[in-house]
Amino acid sequence: MSAVGKDLPHDSARGHVSGESIYIDDFPPVHGELLVDFYFAPVSHASIKSLDLTEAQKIEGVVALYTYEDLGGRNLFGPVFKDECLLVEEEIEYMGQPIVVIAAENRQAIEKAKKAIKIDYQSLEAVLTIDRAKEKKMFLGPTRRIKRGDVEAAFQKAEHIIEGTFECLGQEQFYLESQAAMVFPGENGQLVVHSSTQHPTEVQDTIAHLLGLSMNQVVCICKRLGGGFGGKESQATHPAALAALVTHKTRRPARIIFTKDQDMQVTGKRHPFKNDYKVAFGKDGVITALKADLFSDGGAKFDLSTAVMARAMCHVDNAYYLDNADITGTICKTHLPPNTAFRGFGGPQGIATIENIMEEIAAFLKVDPLEIRKKNLYGTGTRNITPYGEIIFDNSLPIIFEQLEESSQYSKRKQAVDQFNQKSESRLKGIAISAVKFGISFNTKFLNQGNALVNIYHDGSIQVSTGAIEMGQGVNTNIKQLVASQFDIDTDRVIVMPTSTEKNNNTSATSASNATDLNGSAAVNACVKIKESLRALAARHIASKEPEILPSPESIVFENGYIFDRRRPNTRLSFPELVKLAYLNRISLGERGFYATPELDFSWEAGPDQTAAGHPFLYYSMGAAAAEVTIDRFTGELSVDRVDILMDVGRPINPGIARGQITGAFIQGMGWATTECLRYGEDGTLLSHSPTTYKIPNVQDTPAVFNVNWIDRENKINLAGTKAVGEPPLCLGLSVWCAVKYAFRKVSGRSIPQLILPASNEEIVMRLAYYDQQAKEESRNHAFASEN
């Protein structure tokens, strides 16, 4: 009867479809409630000369206006470094930075107040690109390094060398529920905060810090998110803190809900990267050395940029063994909103770099890119150590590549693609297989912990509270199935409660794909404690009914909702009967569970030459995708004809949810790689800040043929034999981009095709025009040479 491994519906599926699922803006208005918004910086970089709130304060319905001075010198906060101002003091550092908090009785008063605020400022130079930041040496933190082998010696001996720059742009998280928070006053200065956040503990800590409270005076609760994708990991603290300030000062409930335009304008995105690389390889295509210098756009403040860069650096190798590697990472400071977490958390930017290199080596040698990838794959006995020194146990990449090549009919279809490109003058086709090897755990060791509270009531029903946040990915359903399986009861007996810092303290963010690993393991640990007590009670009770046997807790079995001694299986108790018996015998039916990921040890200064080394990940989720595309040469329109995905996700707790995560992550990654373009004006204004100007994939963009599967392979070092599946499949969206790059081999002549990510219609048309112009110039030069 075990619930693990079954296709059970998402616990919120019915509520989502019926509209009954409750989000923060569904809370009905309460007595005395104030609406909260803010006046934000109208320029990207300036010094404030004066700020006049006189007229705004006179507007009917405006209750209060607050500036940094109302925080009493506690204005700085941040998830890693406290370097960000909640409210601007003297210097504006990005457009959209909050300056004045507005609390009012209605929305009309807020809009009038925004227009009535008078600000005088002196404009300063705004640095808006990675290149300009490098010129001015504007960086956030020091450059970090991962180094192995003798890179310079390998370059000196190299048969072939390619070097260049790979650029991948940012991406908007585009969650459907915008940033939101509702704050209620409590007794003795306490605050109860309902926040749309991936990290309730950080919201609790930040509000306490900014308002001069202790953490036990702030309770943060989150029922669910209408999407997060990393954008609500650290940046949900901003709106929650603004609303908390209003409640703290007025002792009235306060609600803040961003509009979609406002949300996109003022919050950070996926980090753009511009990476310089130099790669040495032999005539067989095997890489002998890689030098990669990664540069990210961190925005105006640190936020999570150091951790994002760390993961990017740890994923530059991706699925491929690098005997000699020198990888550096530098975060550039610009005058844009601080960039932040996004599904993949830097991994996609690192992976894209080497997948681009694989295509370029193949183009240089004029061979199939798949052959280059297979020759460079990590091995299973040798060639299985990462540049930072972690051994890859249980490597499934060779099996995945072998099976996917066959199941996708890659060779046959590639031949057809090449034949099509020889004949068609109006369209191009491309095909590619790309891979992912994604490390599961936080790079920062102390974050790899979780706790849970399991309460069994005397009717046999169960409530589970953990630090995990349900944001559509199904973590609550996974945990429900894990708990039900521990007692071998129906999942209908288990409810996973809203996440609250009152029940689960000091929790880590729901991110890095390991929410089920951490919180599910903690919940299972709590269940194990309860089962130990229940087994002992059941053994005594059954022995009292069967005097000829001695009590033996080890012989007690939980099966199909009943408990019995395997030596006397006919004497049974139902689960509710045993629980009621425990209650009557004053045996605890509630326990806390705790889990800390084992065997993690990683430092940026551990290796020789003070480089990064260690074991940052518990295991790796792996996979590959084959993508075929068609391009209209006149319009740049891209259609994805077919995608085949094959992954190693262990034994999924809920196969249906795992499949949904794979398909959803892939489409989101495909959007990053093809359609989602963030466009800025010369002054730093975000031009693409709504669904009308920012193109996420829709149903017409999904592959016409879409096959998703996984290999049958147990992960022996994780609970229930499963592997994380939230982020890794996103990186497989790069297969579509690689297919576009392969198609460009037809038109790029003797040169290696260049392509920025995303391969938008605009990018494709511009590149095709460039190659057409290049071909015309070569033709004229050839004709001129022939004539002379």
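The values are calculated or read from the model by the stated rules, or taken from the named source; none is laboratory data. None of these values were measured; they are calculated from a predicted model. When we count neighbours, we look across all protein chains shown, and the Cβ atoms used for this are built from the backbone with ideal geometry, even at glycine. Ligands, DNA and RNA are excluded from the accessible area calculation, which covers all protein heavy atoms including side chains. Shrake-Rupley method; radii C 1.70, N 1.55, O 1.52, S 1.80 Å.
For the peptides 680-689, 385-394, residues were scored by their other Cβ atoms within 10 Å and the scores averaged per peptide; the highest-first order is 385-394, 680-689. Across the stretch 175-254 the C-alpha pair distances fall into 5 Å bins from zero in the proportions 3, 19, 31, 25, 13, 7, 2, 0 percent.
Converting phi to 3J(HN,Hα) with the Karplus coefficients 6.51, -1.76 and 1.60 and the offset θ = phi - 60°, the stretch 5-22 yields x, 9, 7, 9, x, 3, 5, 10, 4, 5, x, 5, 5, 7, x, 8, 4, 9 Hz in sequence order, with x at every glycine or proline.
How much of the DSSP bridge set in the chain is antiparallel, in percent, rounded to the nearest 5? If I count the DSSP bridges inside the chain, around 80 percent turn out antiparallel. Within the accessible surface of the chain, defined with a 1.4 Å probe on protein heavy atoms only, the carbon and sulfur portion equals 50 percent. Solvent-accessible surface of the stretch 639-769, averaged per residue with a 1.4 angstrom probe and all protein chains in place: 36 square angstrom. Note on residue 403/residue 702: beta-carbon distance plugged into 1/(1 + (r/R0)^6) with R0 of 35 Å gives a FRET efficiency of 0.90. With a cut-off of 13 Å between beta carbons, the residues surrounding residue 684 carry a summed charge of -3, where Lys and Arg count +1 and Asp and Glu -1. Amide H to amide H distances under 5 Å link residue 602 with 615, where only residues 5 or more positions off or on other chains count and H is placed in the peptide plane. Size descriptors for the stretch 315-362, from the alpha-carbon set: Rg then Dmax equal 13.3, 38 Å. Extending 7 Å from Cα along the Cβ direction at residue 114 and again at residue 559 yields two label points whose distance is 6.5 nm.
The string of couplings for the stretch 405-421 from the Karplus curve (6.51, -1.76, 1.60, θ = phi - 60°) is 4, 6, 5, 8, 6, 4, 4, 5, 6, 5, 4, 5, 4, 4, 5, 4, 5 Hz, one whole number per residue in order, with x for Gly and Pro.
Calculated translational diffusion coefficient of the stretch 174-213 (37 °C, 0.692 mPa s; Stokes-Einstein with Kirkwood radius over alpha-carbon pairs) equals 293 µm²/s. Close amide H contacts of residue 289 (hydrogens built in the peptide plane, cut-off under 5 Å, sequence separation of 5 or more or a different chain): 280. Under 5 Å from the amide H of residue 300 lie the amide H atoms of 334, 336, 339, each residue being 5 or more positions distant or on a separate chain, with H modelled from the backbone and absent for Pro and chain starts.
Once the Cβ-Cβ distance of residue 752 and residue 422 is raised to the sixth power relative to R0 = 22 Å, the FRET efficiency obtained is 0.65. Using the Cβ-Cβ distance between residue 125 and residue 81 with R0 = 25 Å, the FRET efficiency computed as 1/(1 + (r/R0)^6) comes to roughly 0.55. Taken as Cα centroids, the stretch 295-357 and the stretch 477-538 sit 34 Å apart, rounded to the nearest whole angstrom. Between residue 596 and residue 48, the modelled labels are 4.3 nm apart [label points 7 Å from Cα along Cα→Cβ]. Counting Lys and Arg as +1 and Asp and Glu as -1 over every other residue whose Cβ lies under 15 Å from the Cβ of residue 656, the net charge comes to +3. Taking 18 Å as the cut-off, the amide N atoms of the stretch 239-265 that come nearer than this to a point 7 Å along the Cα-to-beta-carbon line of residue 57 belong to 246, 249-250. Taking a quarter of the surface of the convex hull around the Cα atoms of the stretch 603-643, what do you get in nm²? Its Cα hull, projected and averaged over all orientations, spans 6.1 nm². When the convex hull of its Cα atoms is viewed from all sides, the stretch 592-706 shows a mean projected area of 14.1 nm². Here is the tail figure for the stretch 254-346: Cα pairs spaced more than 17 Å apart come to 57 percent of all pairs. The stretch between residue 490 and residue 529, if pulled fully straight at 0.36 nm per residue, gains 12.1 nm over its current Cα-Cα span. Applying the criteria of a DSSP loop state and at most 15 other Cβ atoms within 10 Å to the trypsin sites (Lys or Arg not before Pro) of the stretch 605-685 yields 679.
For the pair residue 16 and residue 545 in one chain, pulling the backbone fully straight at 0.36 nm per residue adds 185.6 nm over the alpha carbon distance.
Kirkwood radius and radius of gyration were both taken over the C-alpha atoms of the chain, and their ratio Rg/Rh is 1.01.
Cα convex hull, the stretch 108-217: 280 Å³ per residue, rounded to a whole number. Figure legend: label point modelled 7 angstrom from the Cα of residue 766 along Cα→Cβ; residues of the stretch 148-175 with amide N under 13 Å from it are 167-169.
Working note: Karplus 6.51/-1.76/1.60 with θ = phi - 60° gives the stretch 610-618 the couplings 6, 9, 5, 7, x, 10, x, 10, 6 Hz, where Gly and Pro are set to x.
Here residue 137 is the anchor, and the lysines within straight C-alpha reach of less than 25 Å, apart from those fewer than 8 places off in the same chain, are 82, 147, 269, 274, 278, 291, 301, 333.
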